[in-house]
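This report refers to the structure that appears directly beneath it.
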Amino acid sequence: MPATPLHDPTAPPLPGAGTEIRNTTCYMCACRCGIRVHLRQGESGPEVRYIEGNPEHPLNQGVICAKGSSGIMKQYSPARLTQPLKRKPGSERGANEFVPIDWDEAFQLLEERLRHLRATDPKKFALFTGRDQMQALTGLFARQFGTPNYAAHGGFCSVNMAAGMIYTIGGSFWEFGGPDLDRAKLFVMIGTAEDHHSNPMKIALAKFKRQGGRFIAINPVRTGYSAIADEWVPIKPGTDGALLLALVHEIMALGLYDRDFLARYTNAGQLVNQDAASDDFGLMLRNAEGDIVNPLRPHNFYWWDRLSQQPVADHAEGADPALLGRFKMPDGTPAVPAFQLLEERVRPYTAEWASGITGVPAATIRRLAHEMGITARDQKIELPIAWTDSWGKKHDSVTGNPVAFHAMRGLAAHSNGFHTIRTLAILMSLLGTIDRPGGFRHKAPYPRAVPPNARPPKGPEAVQPDTPLNGAPLGWPESPDDLFVDAQGEPVRIDKGFSWEHPLSAHGLMHNVITNAWRGDPYPIDTLLIFMANMAWNSTMNTSEVRKMLNDKREDGEYKIPFLVVCDAFQSEMTAFADLILPDTTYLERHDCMSMLDRPISEFDGPVDSVRIPVLPPTGQCKPFQEVLVELAGRLKFPAFTHADGSRKFRDYPDFIVNYETAPGSGIGFLAGWRGKGGEKSMRGEPNPRQWEMYEKNNCVFQHHMPAQLQYMRNWNDDYMRWAQGAGLRRDRDPIVIHLYSEFLQRFRLAAQGKHKGKQPPDRLRQRVMTYFDPLPFYYAPLEEQATDLSKYPLNAVTQRPMAMYHSWDSQNAWLRQIHTENYLFVNPKTAGAEGIVDGGWMWVESPWGKVRCMCRYSEAVEPGTVWTWNAIGKAAGAWNLAPDANESQRGFLLNHLIREELPVAGGGTVSNSDPITGQAAWYDVRVRIYAAGADEPQQTWPQVGAVKAVPGMVTAPKRRSWMAGLGLGRKAAP
Ligand code: SF4
């Protein structure tokens with residue numbers, strides 16, 4: 001007789017059984033798909049039985065991935081924290097000794113400490129967050145507190161992608177723009193394997209391939225999306241900039257660029273001052289007679305008119321700008337169109353030159369350039385959509401060149417990533433593919449000005465006791481005078497963001513916070529609040545040393561970082577170091593919003609925002625971090641959270657979301673849908689007390705479809721600009737001209753040359769700024785590579801996020817652990833064989849900074865000069881409440897031990913191991929060597945760190961059993 005199945009899915013429900021289905025938004029990765037959660041009543045309340053994709057959701061259209069459907073196991077993970085905890089009096093930090101406290105005590109502790117800091121020196125409080133989706137709220141909290149020491153994880157993720165693109169085309173990939181695969185004919189993905197835009201990208205790729213599109217993947221490793229590419233072009237990590245420069249060279253040499261597009265919509269034809277003796281050398285020449293358009297960002301440029309052979313105001317009626325040539329202005333000033341300077345810049349960047357750096361054959365580079373160029377030129381798209389550009393010209397149709405790109409962290413996470421990504425944006429512009437059908441298309445709230453209008457604070461005087469900052473803590477500098485430095489030009493932020501070391505660090509440098517605070521450079525802080533970031537393990541570089549810093553004490557016995565607050569839903573290596581642990585909820589237990597003020601989920605055809613609505617009550621005493629912030633903001637009487645009489649404005653987070661407006665009466669709040677008293681308005685309108693209900697009834701999502709004439713060419717689309725300004729998405733409505741040549745970068749270079757009357761860098765940084773703030777892209781080897789003996793460390797080592805796990809989020813997930821429970825170093829057989837390392841054998845990987853022992857897996861899908869592994873599978877013993885002998889700690893390993901957060905500086909000192917322009921963490925620059933482990937060595941990963949223990953309120957010894965709602969988990973809480 002066959003065994004009775006544990007569960008027969010075809011059987012009718014048990015008598016009295018009922019399943020409730022609730023809509024919310026997934027958070028098993030950052031993609032934010034709509035989900036339907038099936039609940040069944042269990043012994044002590046509703047329990048999740050099943051999670052499916054919501055077919056009515058615009059983002060994923062019903063598709064769900066392995067991670068999304070495994071959300072059940074996140075909800076019921078034995079790693080969950082369930083109550084606030086305080087480090088046990090008398091115990092050492094890191095010893096994992098905690099006592100339970102209630103929320104009243106936790107709030108009182110925080111309130112007293114933070115009130116004192118706010119009243120004395122607000123910058124002694126630092127708030128840094130990981131991969132959260134509430135930066136509009138956390139940023140507001142920091143601003144209202146008055147501390148500039150705030151950022152999310154962007155600095156160690158992909159700020160190069162954001163900054164490189166936004167400083168060039170006013171938009172970026174993923175949330176703020178992407179490839180139009182519905183209409184593209186050629187798709188080039190570079191530096192991306194798995195992606196934040198996971199399900200939508202898979203849906204789009206499937207359709208693209210079915211329609212006969214050609215997909216080229218450029219990547220050192222052939223995994224993820226690349227596995228279905230028509231062509232894989234292996235490339236050495238950190239050399240993408242060389243390849244892209246050579247592609248630009250070839251396309252320019254072949255004349256395969258879209259001249260009409262460049263002339264009208266980019267600064268290709270704008271004249272650049274070439275008088276080397278002038279303080280304005282390298283800046284755009286300004287036309288006193290020209291149309292200013294926007295006094296905050298004047299547009300009075302010159303073109304050299306090819307027809308009349310004289311300088312004219314840019315976009316003068318009937319003029320045709322010269323893109324090439326060298327000219328003299330009437331006053332004798334030598335002037336050159338920006339495009340000419342670009343052509344001169346890329347002249348030496350030949351395919352042969354790039355081949356020697358990238359490992360890509362010169363013939364392949366030439367073929368790729370030719371294919372991109374002729375696809376863009378010969379397969380033009382024309383849509384019968386009339387529109388009007390910013391200079392008043394009416395167009396009968398929208399046209400497009402069907403070559404699309406997508407790129408992400410593989411390009412970004414290098415110390416040369418900013419210029420690489422600028423080059424990509426320039427290549428896309430040369431092909432004429434910006435916000436046109438078949439190319440790159442923006443998503444609201446982008447496009448934004450180049451650069452966007454928010455600026456960081458400008459000096460130490462911006463930080464005052466008991467006073468909010470007068471602007472956001474983060475922003476987009478457009479001139480040296482926007483830097484956040486003191487009178488000596490030294491940093492004011494703890495992470496040294498917006499200083500001369502990393503002037504355009506739009507997302508901060510979270511990867512340097514602990515090291516800087518530990519060293520007291522630029523100053524010591526008192527309280528560090530970390531939300532959702534495992535800075536004692538996978539979210540930090542130099543893991544072993546940073547762990548020591550977290551525990552290090554001053555001579556007086558006080559910890560160098562005196563008070564460490566960790567808010568997370570799960571126990572981890574990081575919670576072990578906390579003085580106070582705040583238990584967060586899961587995404588199924590809380591309200592949340594993916595806001596237009598932050599990171600919405602917009603589509604190409606219009607703004608989309610969405611919410612999470614709790615489908616379950618919080619577990620134990622868990623409290624959403626948003627509620628913690630709103631509560632603290634009320635207690636500390638932040639002006640934006642308090643009435644004039646000192647009473648609280650907002651009851652809780654849902655109340656805050658409904659009623660907060662960016663300015664009194666602005667009608668702009670966190671959610672764009674169902675605004676106005678009765679929910680009759682969208683984008684802008686008075687607060688609607690029933691807004692959450694309306695989202696709930698509408699699949700937790702609000703979508704606005706713009707009329708067709710607003711959907712394309714948005715950088716220069718007058719109707720779109722008017723609408724966007726009315727909707728509060730843009731302050732101004734001047735055209736967003738593409739910056740092939742960056743005058744903004746040149747301004748920083750002039751300051752370093754002493755030609756700027758305002759802020760200037762300290763002498764030790766002048767050469768650095770002069771070198772890297774080049775107004776045109778150039779290639780340089782990553783900084784770490786320049787400082788490494790490559791004969792000793794010949795290989796690049798990189799990590800990737802697996803499709804089945806989002807970074808470290810899921811190595812506690814019982815279902816997903818069955819896919820990845822240990823990780824190998826993937827090595828090309830030729831490379832491994834040369835070192836005598838066998839497939840499956842134990843080996844050492846060593847960088848100049850440290851070494852790890854791990855297992856080897858042969859792979860042909862990696863270029864021979866690169867080794868790689870999955871990101872963040874390896875854990876410390878006991879972390880996530882895994883058994884101490886779990887594979888994750890015994891056979892899984894973390895590459896972070898080999899990567900440094902700082903590099904030594906010639907002559908002494910250190911500097912962040914980051915891009916010198918943006919502060920982007922250079923995760924993928926490390927160089928290594930490999931060798932076989934000895935036969936007598938333990939078959940266990942190394943280093944091993946002290947085991948992490950379960951804390952009070954966690955379940956102990958979860959039974960090994962299948963999960964069925966209603967049956968419970970048979971768990972016992974730790975005492
Ligand atoms: S792609 Fe991300 S958000 Fe979408 S279902 Fe998968 S885990 Fe959830």
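The values are calculated or read from the model by the stated rules, or taken from the named source; none is laboratory data. If you're wondering where the values come from, they're calculated on a predicted model, not measured in any experiment. Note that each Cβ is placed from the backbone with ideal geometry, even for glycine, and that neighbours are counted across all protein chains shown.
Restricted to region 86-110, and to residues that are more than 19 Å from G878 (Cβ to Cβ) and among the charged types (D, E, K, R), which residue is surrounded by the fewest Cβ atoms within 10 Å (Cβ to Cβ)?
D104
Kindly indicate whether F156 is within 28 Å of L745 (Cα to Cα), surrounded by 24 or more Cβ atoms within 10 Å (Cβ to Cβ) and in contact with a helix residue (DSSP H, G or I) (Cβ under 9 Å, 6 or more places away or on another chain). Give the derivation first.
On the way: within 28 Å of L745 (Cα to Cα): yes; surrounded by 24 or more Cβ atoms within 10 Å (Cβ to Cβ): yes; in contact with a helix residue (DSSP H, G or I) (Cβ under 9 Å, 6 or more places away or on another chain): yes.
Yes.
Quick check: anything in region 437-460 of a type in the set (D, E, K, R), touching a Phe, Trp or Tyr at 6+ places or on another chain (Cβ under 6 Å) and surrounded by 23 or more Cβ atoms within 10 Å (Cβ to Cβ)?
We begin by selecting, within region 437-460, every residue of a type in the set (D, E, K, R); these are 441, 443, 448, 455, 458.
Okay, now just the ones that are also touching a Phe, Trp or Tyr at 6+ places or on another chain (Cβ under 6 Å), so 441, 443.
Applying the additional criterion that residues be surrounded by 23 or more Cβ atoms within 10 Å (Cβ to Cβ) yields 441, 443.
Looking through region 437-460, at least one residue is of a type in the set (D, E, K, R), touching a Phe, Trp or Tyr at 6+ places or on another chain (Cβ under 6 Å) and surrounded by 23 or more Cβ atoms within 10 Å (Cβ to Cβ).
Of the residues that sit in region 388-405 and are buried (at least 24 other Cβ atoms within 10 Å of the Cβ) and not in a loop (DSSP other than H, G, I, E, B), which one is nearest to the chain's Cα centre (by Cα)?
The extreme case among them is F405.
Within region 518-571, track down each residue that is within 25 Å of M28 (Cβ to Cβ) and among the polar types (S, T, N, Q). Don't jump to the end; show me each part of the working.
Just the residues of region 518-571 that are within 25 Å of M28 (Cβ to Cβ), to begin with: 529-540, 543, 566-571.
Those that are within 25 Å of M28 (Cβ to Cβ) and among the polar types (S, T, N, Q): N534, N538, S539, T540, T543, Q571.
Among the residues in region 315-327, are any free of Cβ contacts under 8 Å to residues at least 24 places away in the same chain, of a type in the set (A, V, I, L, M, F, W, C) and loosely packed, with under 14 Cβ neighbours inside 10 Å? Break it down stepwise before answering.
First pass over region 315-327, keeping only residues free of Cβ contacts under 8 Å to residues at least 24 places away in the same chain: 316-319, 324-325.
This time we only want the ones that are of a type in the set (A, V, I, L, M, F, W, C), so: 316, 319, 324.
Right, trim to loosely packed, with under 14 Cβ neighbours inside 10 Å and you get none.
No, because not a single residue in region 315-327 is free of Cβ contacts under 8 Å to residues at least 24 places away in the same chain, of a type in the set (A, V, I, L, M, F, W, C) and loosely packed, with under 14 Cβ neighbours inside 10 Å.
Across region 44-61, what is the number of residues that are more than 25 Å from G178 (Cβ to Cβ), away from the ligand (no atom under 11 Å from the Cβ) and either at pLDDT 95 or above or assigned to a strand (DSSP E or B) (or both)?
Counting residues in region 44-61 that are more than 25 Å from G178 (Cβ to Cβ), away from the ligand (no atom under 11 Å from the Cβ) and either at pLDDT 95 or above or assigned to a strand (DSSP E or B) (or both) gives 6.
Checking the conditions here, which among Q83, Q41 is surrounded by fewer than 22 Cβ atoms within 10 Å (Cβ to Cβ), away from the ligand (no atom under 13 Å from the Cβ) and farther than 20 Å from D609 by Cβ?
Values: Q83 fails: surrounded by fewer than 22 Cβ atoms within 10 Å (Cβ to Cβ).
None of the other options fit; the residue is Q41.
Those residues that are within 18 Å of Y712 (Cα to Cα) and crowded, with 20+ Cβ neighbours inside 10 Å, I need them from region 243-262; list them, please. Can you show your working first?
Start the filter on region 243-262 by keeping residues that are within 18 Å of Y712 (Cα to Cα), which leaves 258, 260-262.
Residues satisfying the conditions are D258, F261, L262.
Taking the conditions exactly as written (outside any strand (DSSP E or B) and either closer than 16 Å to Q133 by Cα or of a type in the set (A, V, I, L, M) (or both)), does V611 satisfy them or not? Write out each step before concluding.
Values: outside any strand (DSSP E or B): no; either closer than 16 Å to Q133 by Cα or of a type in the set (A, V, I, L, M) (or both): yes.
Judged against the criteria, V611 is not a match.
Only residues that are among the hydroxyl-bearing types (S, T, Y), over 13 Å from the mean Cα position of the chain (by Cα) and in a loop (DSSP other than H, G, I, E, B): list them for region 140-181, please.
Just the residues of region 140-181 that are among the hydroxyl-bearing types (S, T, Y), to begin with: 147, 150, 158, 167-168, 172.
Those still in the list that are over 13 Å from the mean Cα position of the chain (by Cα) too: 147, 150, 167-168.
Correct list: T147 only.
Against the conditions (1) closer than 23 Å to K548 by Cα; (2) touching a residue at least 40 places away in the same chain (Cβ under 8 Å), where does T910 fall short? Just the number, please.
(2)
Kindly establish whether L137 is among the aliphatic types (A, V, I, L, M), in contact (Cβ under 8 Å) with a residue 40 or more places away in the chain and not in a helix (DSSP H, G or I).
Details: among the aliphatic types (A, V, I, L, M): yes; in contact (Cβ under 8 Å) with a residue 40 or more places away in the chain: yes; not in a helix (DSSP H, G or I): no.
So L137 does not fit the description; no.
Can you give me the number of residues within region 216-238 that are touching a His at 6+ places or on another chain (Cβ under 9 Å) and at pLDDT 95 or above? I'd like the intermediate steps shown before the answer.
Here is the first cut: in region 216-238, the ones touching a His at 6+ places or on another chain (Cβ under 9 Å) are 225, 237-238.
This time we only want the ones that are at pLDDT 95 or above, so: 237-238.
Going through region 216-238 one residue at a time, the tally reaches 2.
Could we say that T24 is away from the ligand (no atom under 13 Å from the Cβ), at pLDDT 95 or above and either crowded, with 18+ Cβ neighbours inside 10 Å or within 24 Å of the chain's Cα centre (by Cα) (or both) here?
On the way: away from the ligand (no atom under 13 Å from the Cβ): no; at pLDDT 95 or above: yes; either crowded, with 18+ Cβ neighbours inside 10 Å or within 24 Å of the chain's Cα centre (by Cα) (or both): yes.
For T24, the condition - away from the ligand (no atom under 13 Å from the Cβ), at pLDDT 95 or above and either crowded, with 18+ Cβ neighbours inside 10 Å or within 24 Å of the chain's Cα centre (by Cα) (or both) - is not met.
Considering only residues that are hydrophobic (A, V, I, L, M, F, W, C) and surrounded by 10 or more Cβ atoms within 10 Å (Cβ to Cβ), look in region 642-665 and name the one that is farthest from D598 (Cα to Cα). Can you show your working first?
Just the residues of region 642-665 that are hydrophobic (A, V, I, L, M, F, W, C), to begin with: 644, 650, 656-658, 663.
Checking which are surrounded by 10 or more Cβ atoms within 10 Å (Cβ to Cβ) leaves us with 650, 656-658.
On the way: F650: 20, F656: 15, I657: 13, V658: 16 Å.
Among those that are hydrophobic (A, V, I, L, M, F, W, C) and surrounded by 10 or more Cβ atoms within 10 Å (Cβ to Cβ), it is F650.
Considering each residue of region 279-303, count those that are surrounded by 15 or more Cβ atoms within 10 Å (Cβ to Cβ) and among the polar types (S, T, N, Q), and give that number. Write out each step before concluding.
Looking only at region 279-303, we keep the residues that are surrounded by 15 or more Cβ atoms within 10 Å (Cβ to Cβ), and these are 280-287, 290-291, 293, 297-303.
If we keep only those that are among the polar types (S, T, N, Q) too, we end up with 287, 300.
Within region 279-303, residues that are surrounded by 15 or more Cβ atoms within 10 Å (Cβ to Cβ) and among the polar types (S, T, N, Q) number 2.
For A576, state whether it is assigned to a helix (DSSP H, G or I), over 30 Å from R448 (Cα atoms), under 25 Å from the mean Cα position of the chain (by Cα) and small (G, A, S). Let's see the steps before the verdict.
Working: assigned to a helix (DSSP H, G or I): yes; over 30 Å from R448 (Cα atoms): yes; under 25 Å from the mean Cα position of the chain (by Cα): no; small (G, A, S): yes.
So A576 does not fit the description; no.
Taking the stated definitions as given, is E846 in contact with a helix residue (DSSP H, G or I) (Cβ under 8 Å, 6 or more places away or on another chain) and part of a loop (DSSP other than H, G, I, E, B)?
Working: in contact with a helix residue (DSSP H, G or I) (Cβ under 8 Å, 6 or more places away or on another chain): yes; part of a loop (DSSP other than H, G, I, E, B): no.
So E846 fails the test.
Could you list, in sequence order, all residues of region 548-586 that are among the basic types (K, R) and crowded, with 24+ Cβ neighbours inside 10 Å? Explain how you work it out, then say what you get.
Of the residues in region 548-586, the ones among the basic types (K, R) are 548, 553-554, 560.
Once the filter is applied, which keeps residues that are among the basic types (K, R) and crowded, with 24+ Cβ neighbours inside 10 Å, region 548-586 yields nothing.
Within region 177-204, count every residue that is within 16 Å of the ligand (Cβ to nearest atom), modelled with pLDDT of 95 or more and touching a Leu at 6+ places or on another chain (Cβ under 7 Å).
So the count comes out to 1.
Please pick out the residue among A921, A886, A876 that is under 27 Å from R764 (Cα atoms), surrounded by 19 or more Cβ atoms within 10 Å (Cβ to Cβ), among the aliphatic types (A, V, I, L, M) and modelled with pLDDT of 95 or more. Spell out how you get there, then give the answer.
Details: A886 fails: under 27 Å from R764 (Cα atoms); A876 fails: under 27 Å from R764 (Cα atoms).
Answer to the selection: A921.
Can you pull out the residues in region 62-80 that are near the ligand (Cβ under 10 Å from one of its atoms) and of a type outside the set (D, E, K, R)?
Matches in region 62-80: V63, I64, C65, A66, G68, S69, S70, G71.
Output the residues belonging to region 27-38 that are of a type outside the set (F, W, Y) and either part of a loop (DSSP other than H, G, I, E, B) or more than 10 Å from the ligand (Cβ to nearest atom) (or both).
At the first step, the residues of region 27-38 found to be of a type outside the set (F, W, Y) are 28-38.
Hits for region 27-38 are M28, C29, A30, C31, R32, C33, R36, V37, H38.
Counting just the residues of region 323-344 that are under 19 Å from D258 (Cβ atoms) and in a helix (DSSP H, G or I), which one comes out nearest to the chain's Cα centre (by Cα)?
In this case the residue turns out to be L342.
Considering region 753-771 alone, what residues qualify as being surrounded by fewer than 23 Cβ atoms within 10 Å (Cβ to Cβ) and assigned to a helix (DSSP H, G or I)? It would help to see each step written out before you state the result.
Of the residues in region 753-771, the ones surrounded by fewer than 23 Cβ atoms within 10 Å (Cβ to Cβ) are 753-760, 762-768, 770-771.
The answer is D763, R764, L765, R766, Q767, R768, M770, T771.
Return a yes/no flag: does region 518-539 have any residue that is farther than 22 Å from S415 by Cα, hydroxyl-bearing (S, T, Y) and surrounded by fewer than 23 Cβ atoms within 10 Å (Cβ to Cβ).
Yes, region 518-539 contains at least one residue that is farther than 22 Å from S415 by Cα, hydroxyl-bearing (S, T, Y) and surrounded by fewer than 23 Cβ atoms within 10 Å (Cβ to Cβ).
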